[in-house]
Amino acid sequence: MTTPSDSWKTPELRAAEAQVDARFKEAQDLANRLRETPLPPVPPVDFKAIAAQVERAAQERDAPEQLKALKRKVDAGEFTWEDVVSGKAAQDPDVQAMQQENVAKMKQAFQMLQEGMTAEEIMEAQRPRRGPDDDGDQLDPDIFTEDRW
C-alpha cells in the first residue's frame with residue numbers, strides 16, 4: 001500500500017506543522033512533569049471560624065436578605081452555620097440563593113478588576129447602600145436607659 005505524497009506542502013506549511021509538533025511535545029512534557037510533581041497537602045479548613053464570621057454577618061442590621069433567610073433557618077434548627085459553610089446544606093434553596101448572589105458579586109468584582117479598579121474601590125462599590133432616610137449614624141444605646149427617659 002502506498003502513502004500519499006506530501007510533496008504538495010509549501011515550505012510555510014511544513015514550518016507551521018513543525019511548530020505545532022514542537023508545541024505539542026512541549027505540552028506533553030509539561031503534563032508529564034506535572035503528573036510527577038508532588039502536591040503539598042491541602043490545609044484543613046476551619047469551618048467553625050468561617051461559620052462564626054458568617055453568623056456575625058447575619059446578625060448585622062444591614063445583612064443581605066438572603067443571609068437573613070439563612071439566619072431564620074439556623075435559628076429554627078433546620079441546619080447550622082457550619083452546615084452552610086461546609087456545603088452540607090447546599091441543597092437548600094436559600095443557601096443556593098446566597099451562593100448565586102456571591103457568584104454574581106465575584107463576577108462583578110472580576111469585571112471591575114479588568115476595568116482597572118483597585119480592591120478598595122471594588123469593596124466600596126459592593127458595600128451595601130443604606131436607604132434614603134438612613135444617614136448611616138449608629139444608634140446610641142445609652143438613649144434607651146431608664147435614667148434618660
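The values are calculated or read from the model by the stated rules, or taken from the named source; none is laboratory data. Since we're looking at a predicted model, the values are computed, not measured. FYI the Cβ positions are ideal-geometry reconstructions off the backbone, even for glycines, and counts take in every protein chain you see. Side chains are part of the model used for accessible areas, which takes the heavy atoms of the whole protein and leaves out ligands, DNA and RNA. Shrake-Rupley method; radii C 1.70, N 1.55, O 1.52, S 1.80 Å.
If we count every other residue with Cβ under 15 angstrom of ALA109's Cβ, Lys/Arg +1 and Asp/Glu -1, where does the sum land? Don't jump to the answer; show the numbers that get you there.
Values: positive: LYS105, LYS107, ARG127; negative: GLU101, GLU115, GLU120, GLU121, GLU124.
Its environment carries a net charge of -2.
Can you put SER7, SER86 in order of accessible area, largest first, using a 1.4 Å probe? Write out the running numbers ahead of the final one.
Details: SER7 90, SER86 45 Å².
Heavy-atom accessible area, descending, gives SER7, SER86.
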